Every structure is written in structure tokens, then in C-alpha cells.
Amino acid sequence: MLRKLTVLFMCLTLCWTTVACGSSNTTSYQNSNPNLSSNLTNQNRNQVTQGQYPVQQATYNDANGEYTLMLLNTPSGTPPMYSTTDLQMASLTEEEIQEGKTNYAEINGNQASLHIKPDFKIEYVHNVTETQTNPQTGRQETIIVRRESNFWTPFAGAIAGQVVGGAISNMLFRPQYYV
């Protein structure tokens with residue numbers, strides 16, 4: 001009898017804490033001034049302003065069109081993240097790859113260029129949005145329902161083009177002997 005009461009008491013306690021800690025009223029905060037949020041974030045980011053740094057990872061977020069680079073070997077006390085909406089990209093040449101150069105970002109003030117191997121993958125974050133009516137204000141708002149992550153290789157098309165182009169040119173321009 002004591003075991004049954006203990007199990008019943010534990011079940012009731014679990015249900016009570018679940019209901020007490022959970023909430024059916026979810027609140028979504030929307031900033032009415034988008035310039036304010038971008039100004040606040042611009043003040044606290046990109047403390048790396050000059051130099052050439054190896055890149056560990058790159059991410060592109062399509063919600064705000066922003067690239068985020070994870071830099072290596074930044075000065076001590078400097079955050080390793082660099083964010084920008086204007087990123088130039090270049091593929092490392094065969095000579096640079098043979099010399100042992102790895103993926104790197106060259107940063108000069110607010111300008112950044114990313115030099116990567118053709119097989120370097122950039123994480124692509126796609127935000128699935130939905131328009132809903134805010135029950136508190138009655139206005140239509142666009143909210144992010146979920147985020148889907150994938151990878152993108154900016155210069156993979158060049159590799160595929162070289163392979164396919166090479167195969168086609170080999171078939172078209174191979175030596176043929178007529179007897």
C-alpha cells in the first residue's frame with residue numbers, strides 16, 4: 001500500500017511541476033526599430049580589424065544576409081568571430097595550395113576577403129518564416145518557424161566544370177586514326 005501511495009504521490013508531483021513550470025502563453029518580442037538592433041550589435045562585434053587569419057569555419061545566414069567567420073590565431077582577448085554582410089571570396093590557386101596555404105580571411109577595416117580551397121564548405125542557415133497575427137497587438141508579423149542548416153561549396157561548380165569539361169574535351173578532341 002505504501003508503494004502505491006509513493007508512486008501516486010510522485011506522479012502527481014511530476015504532473016504538478018510540469019504544469020507549474022510550463023506556460024501555454026508564449027511571447028514573441030519583435031523590435032520595431034531594426035536600425036537600433038543593428039547599431040547595438042555593430043558596436044560589440046568585429047574587434048578584429050586588420051590582418052590575415054586562418055579560417056576554421058564560415059556560416060551564411062539568409063535571414064540577415066550575414067557571413068560569420070570563425071578565425072584562428074586572433075590576438076589574445078579578441079573574439080574569434082568576424083561578421084559581415086559584404087564578403088568577397090576567392091579560390092586559392094593551385095600554386096598556393098601546393099605551397100601549403102590553408103583557408104584564410106584577409107581583413108582590412110570593414111572589408112574582408114575569404115580565400116578558400118575549392119572544397120571548403122560554408123554552412124548555410126535557411127530560416128523558414130511564417131506570417132502570423134500577434135494576439136496582443138493584432139498586427140501581422142513575420143516570425144521564424146524553424147532553421148534549416150545545410151552546406152554550400154562556392155567553388156565546387158568550378159571543380160565539377162573542370163571534370164566534366166575535361167571529359168567532354170577528351171572525347172571531342174581525342175586523336176582518331178583512320179585506316
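The values are calculated or read from the model by the stated rules, or taken from the named source; none is laboratory data. No experiment lies behind these values; they were computed from the predicted model shown. Here the Cβ is made from the backbone with ideal geometry for all residues, glycine too, and neighbour counts use every protein chain on show.
Does any residue of the stretch 55-62 turn out to be over 30 Å from ARG146 (Cβ atoms), of a type in the set (S, T, N, Q), at pLDDT 90 or above and surrounded by 11 or more Cβ atoms within 10 Å (Cβ to Cβ)? Spell out the reasoning first.
If we filter the stretch 55-62 for residues that are over 30 Å from ARG146 (Cβ atoms), which is where we start, we get none.
No - not one qualifying residue is present in the stretch 55-62.
Can you name the residue in the stretch 123-151 that is of a type in the set (Ser, Thr, Tyr) and under 14 Å from ASN64 (Cα atoms) and is also farthest from the chain's Cα centre (by Cα) among such residues?
So the residue we want is THR142.
Return yes or no: is VAL128 assigned to a loop (DSSP other than H, G, I, E, B), among the β-branched types (Val, Ile, Thr) and at pLDDT below 90?
no
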In the stretch 87-111, what count of residues is obtained for those that are charged (D, E, K, R) and within 21 Å of LYS121 (Cβ to Cβ)? 4
Take residues that are out of contact with any His (no Cβ under 9 Å at 6 or more places or on another chain) and under 20 Å from PHE155 (Cβ atoms) and tell me which of the strands (runs of 3 or more DSSP E) falling wholly in the stretch 72-111 contain 2 or more. 87-91
Pairs where the first residue, in the stretch 62-91, is at negative phi and the second is part of a strand (DSSP E or B) and aromatic (Phe, Trp, Tyr), C-beta under 6 Å, 6+ apart: TYR67/TYR60; LEU69/TYR82; LEU71/TYR53; LEU71/TYR82; THR84/TYR67; LEU87/TYR67
